[in-house]
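J.: What follows is a single structure, and I will ask about it in a moment.
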Amino acid sequence: MVQAPKENDPPIVDVKVRNPITYIKKWWKKVIENEGIFLSFRVRPLTAIAVALVVTSLTLGLGKFVLPFTIPFFEYNPDPAEPIVPTPEAWKETAYTGTLRYSEATAKYYLVTTSSEAITLQVPENIKLSLYVGRRIFATGKYYKGTRTLVVASASDTELLPSAPSPIPTISPTPTPVPTETPNTDASENSPVSL
């Protein structure tokens with residue numbers, strides 16, 4: 001006996017094609033209606049006090065008293081009338097060799113080194129450098145890198161050099177040949193033959 005199909009059975013394949021534009025319009029309408037953004041977060045009272053204390057201490061300059069460690073970019077100045085100035089570089093004792101030049105525009109003497117660096121020379125009035133202009137000299141004194149100035153204290157700190165540097169005589173060692181023994185290449189004489 002054959003049973004008749006029930007009317008409540010769903011079909012195996014049910015294909016419906018609908019207009020996707022209506023779904024896009026409905027979605028866009030929901031986006032426009034809920035345009036604002038709602039954010040919420042909870043902060044406990046002790047956390048709020050700690051955050052407020054850190055923010056105010058750093059922004060109002062009280063960080064020196066509250067934070068025991070130092071921050072590299074944050075420097076505390078207890079007396080704002082006296083600005084914080086970086087420490088200047090110290091003068092160092094050094095010596096330079098180069099060609100002496102004179103600038104009439106600045107009325108100063110300059111020592112032009114072999115690396116084409118111009119160093120301003122400050123010399124006392126009793127030293128006459130006009131005789132050495134255009135010649136190589138050796139000058140010692142206190143040098144300040146910030147202004148590229150060499151302060152010569154006395155005439156004994158300058159010395160006239162030859163016009164061209166003389167090479168330092170050096171002796172280069174040459175290896176002496178040593179005779180070496182040549183190995184015996186005839187292997188048949190010394191090696192036993194095994195059969």
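The values are calculated or read from the model by the stated rules, or taken from the named source; none is laboratory data. Just so it is clear, the structure is predicted and the values come from calculations on it, not from any experiment. Here the Cβ positions follow ideal geometry from the backbone for every residue, glycine too, while neighbour counts run over all protein chains shown.
J.: For region 166-193: of the residues being among the small types (Gly, Ala, Ser) and modelled with pLDDT of 75 or more, which is surrounded by the most Cβ atoms within 10 Å (Cβ to Cβ)?
T.: Filtering region 166-193 for residues among the small types (Gly, Ala, Ser) gives 166, 172, 187-188, 191.
Of the ones still in play, those that are also modelled with pLDDT of 75 or more are 166, 172.
On the way: 166: 7, 172: 4.
The selected residue is 166.
J.: Follow-up question, since we're still on this one. Out of the residues in region 116-131 that are assigned to a loop (DSSP other than H, G, I, E, B) and either surrounded by 10 or more Cβ atoms within 10 Å (Cβ to Cβ) or outside the structural domain of residue 142 (by TED's automatic domain parsing) (or both), which is nearest to the chain's Cα centre (by Cα)? Spell out how you get there, then give the answer.
T.: From region 116-131, those assigned to a loop (DSSP other than H, G, I, E, B) are 116-117, 123-129; that's our starting set.
Those left that are additionally either surrounded by 10 or more Cβ atoms within 10 Å (Cβ to Cβ) or outside the structural domain of residue 142 (by TED's automatic domain parsing) (or both): 117, 123-124, 127, 129.
Details: 117: 24, 123: 37, 124: 40, 127: 43, 129: 41 Å.
Going through the qualifying residues, I end up with 117.
J.: Considering region 137-152 alone, what residues qualify as being surrounded by fewer than 17 Cβ atoms within 10 Å (Cβ to Cβ) and in a loop (DSSP other than H, G, I, E, B)?
T.: Passing the criteria: 145, 146, 147, 148.
J.: Go through region 103-115 and give me each residue that's among the charged types (D, E, K, R) and surrounded by fewer than 11 Cβ atoms within 10 Å (Cβ to Cβ).
T.: Quick first cut of region 103-115, residues among the charged types (D, E, K, R) only: 104, 108.
Result: 104, single match.
J.: Hey, does region 33-47 have a residue that's surrounded by 10 or more Cβ atoms within 10 Å (Cβ to Cβ) and modelled with pLDDT of 80 or more? Before you say what the answer is, go through the steps one by one.
T.: Initially, region 33-47 is screened for residues surrounded by 10 or more Cβ atoms within 10 Å (Cβ to Cβ), giving 47.
Going one step further and asking which of them are modelled with pLDDT of 80 or more, we end up with 47.
Scanning region 33-47 turns up at least one residue that is surrounded by 10 or more Cβ atoms within 10 Å (Cβ to Cβ) and modelled with pLDDT of 80 or more.
J.: Residue check: is residue 134 in contact with a Leu (Cβ under 9 Å, 6 or more places away or on another chain) and not in a strand (DSSP E or B)? Lay out the reasoning, then the answer.
T.: Numbers: in contact with a Leu (Cβ under 9 Å, 6 or more places away or on another chain): yes; not in a strand (DSSP E or B): yes.
Yes, satisfied.
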